1. Per-residue HN-Hα couplings for the stretch 4-13, Karplus 6.51 cos²θ - 1.76 cosθ + 1.60 at θ = phi - 60°, whole Hz, x for Gly and Pro?
2. Once the Cα atoms of helix 16-25 and of the chain are each reduced to a long axis, what angle between those two axes, in degrees from 0 to 90 to the nearest 10, is obtained?
3. Find how much the distance from residue 93 to residue 59 grows on full extension, using 0.36 nm per residue of separation minus their present alpha carbon separation; answer in nm with one decimal.
4. Give me, ordered by chain and number, the residues 5 or more places off residue 57 or on other chains with an amide H under 5 Å from its own placed amide H.
5. In the chain, what percent of the accessible surface is made up of carbon and sulfur (1.4 Å probe, ligands and nucleic acids excluded)?
6. Which cross-chain or sequence-distant (5 or more) residues have an amide H under 5 Å from the amide H of residue 31, H modelled 1.01 Å from N in plane?
7. How big is the stretch 66-127 along each principal axis, measuring the range of its Cα positions in Å and listing the largest first?
8. Using Stokes-Einstein with the Kirkwood hydrodynamic radius over Cα pairs, what translational diffusion coefficient do you get for the stretch 11-127 at 20 °C and a viscosity of 1.002 mPa s, in µm²/s rounded to a whole number?
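The values are calculated or read from the model by the stated rules, or taken from the named source; none is laboratory data. The model shown is predicted, which means the values in this text are computed figures rather than measured ones. When the accessible area is computed, the model is the full protein with side chains, heavy atoms only, and any ligands, DNA or RNA have been set aside. Shrake-Rupley method; radii C 1.70, N 1.55, O 1.52, S 1.80 Å.
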Amino acid sequence: MKGRYSFPRSERLKSSSTISELFQKGHAISLAPLFARYRIREEPVNGSNLQIAFTVSKKNFQKAVTRNRIKRLMREAFRLHAPPLRDKLRSMNKCLELVIVFGGKELPDYETVEKKMTRLLGKIENG
């Protein structure tokens, strides 16, 4: 199935007002070193049932190269493990807005990020 494991632009959460609202009113899940804020809405936004943003603390990682690497790792893990979540949202006709923050102090390896991302998405998917 073409596009099943993609991460299209329509799924990227860019609105600063939406992100601020998520941090104020959204639900929180923490699985160290990942921390997520999310909100489930009734109507899809921009034709997409899922909108997500990834962020890494500048306080813990001063170099942009390191922050970008961590975000790439998180995006890749998300891209590979998101299809079941997308399918569930589509069947329920709901929209999920999600921000995932990396809060660790050391550069992670892909296996760690993938394991935590899988558990995080599972928790969001199951309630």
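1. Ordered by residue, 3J(HN,Hα) equals 4, 9, 8, 9, x, 4, 5, 8, 8, 8 Hz.
2. Roughly 90 degrees between the two axes.
3. Once the chain is fully extended between residue 93 and residue 59, it gains 8.4 nm.
4. 102
5. Answer for the chain is 50 percent, counting heavy atoms of protein chains only.
6. 36
7. The Cα atoms of the stretch 66-127 stretch 38, 18, 18 Å along the principal axes, largest first.
8. Result for D is 148 µm²/s.
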